[in-house]
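Accompanying notes for the structure given below.
The values are calculated or read from the model by the stated rules, or taken from the named source; none is laboratory data. These numbers come from a predicted model, not from an experiment. Methodologically, a virtual Cβ is constructed for each residue, glycine included, from the backbone with ideal geometry; neighbour enumeration extends over all protein chains shown.
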Amino acid sequence: MVNAEHGSRPFLGTRETLSDNTLGDYVWKNYNQVYELVVPLAAHYTSLAPRNEAGEAFLGIYMKNREEWIITDIAC
């Protein structure tokens, strides 16, 4: 869990797309919500990442700049 002081504060915001394809308000995830997404993703990446001779794992992220990119980056 994230520090209680920061846990409920807004962290990642994504603008919702309305039915007429215009952008609406931002929908925010707080620190605790992001943490809950990052932990299992990090465990999954750790189990899949190929390792070099020194045992180091390397992953590359190729996607648009968006909320999912940040979550993936933190998990790595």
Original post:
Among (1) surrounded by fewer than 13 Cβ atoms within 10 Å (Cβ to Cβ); (2) in contact with a strand residue (DSSP E or B) (Cβ under 7 Å, 6 or more places away or on another chain), which single condition is GLY7 missing?
Top reply: (1)
**OP:** Determine whether the range 41-53 contains at least one residue that is exposed (fewer than 12 other Cβ atoms within 10 Å of the Cβ), more than 12 Å from the chain's Cα centre (by Cα), β-branched (Val, Ile, Thr) and not in a strand (DSSP E or B).
**Re:** no
**OP:** Just one of (1) of a type in the set (D, E, K, R); (2) without any contact (Cβ under 8 Å) to a residue 12 or more places away in the chain; (3) surrounded by 11 or more Cβ atoms within 10 Å (Cβ to Cβ) trips up LYS64, so point out which.
**Re:** (3)
Subject >> Checklist (1) surrounded by 10 or more Cβ atoms within 10 Å (Cβ to Cβ); (2) at pLDDT below 95; (3) assigned to a helix (DSSP H, G or I) applied to LEU59, failing item >> reply: (3)
**OP:** Check whether at least one residue in the range 30-42 is touching a residue at least 40 places away in the same chain (Cβ under 8 Å) and within 20 Å of ARG66 (Cβ to Cβ), and report yes or no.
**Re:** yes
Original post:
Looking only at the range 4-29, which residues are in a loop (DSSP other than H, G, I, E, B) and touching a residue at least 12 places away in the same chain (Cβ under 8 Å)?
Top reply: SER8, ARG9
**OP:** State whether the residues of the range 33-50 include one that is in contact with a His (Cβ under 8 Å, 6 or more places away or on another chain), within 19 Å of HIS6 (Cβ to Cβ) and not β-branched (Val, Ile, Thr).
**Re:** no
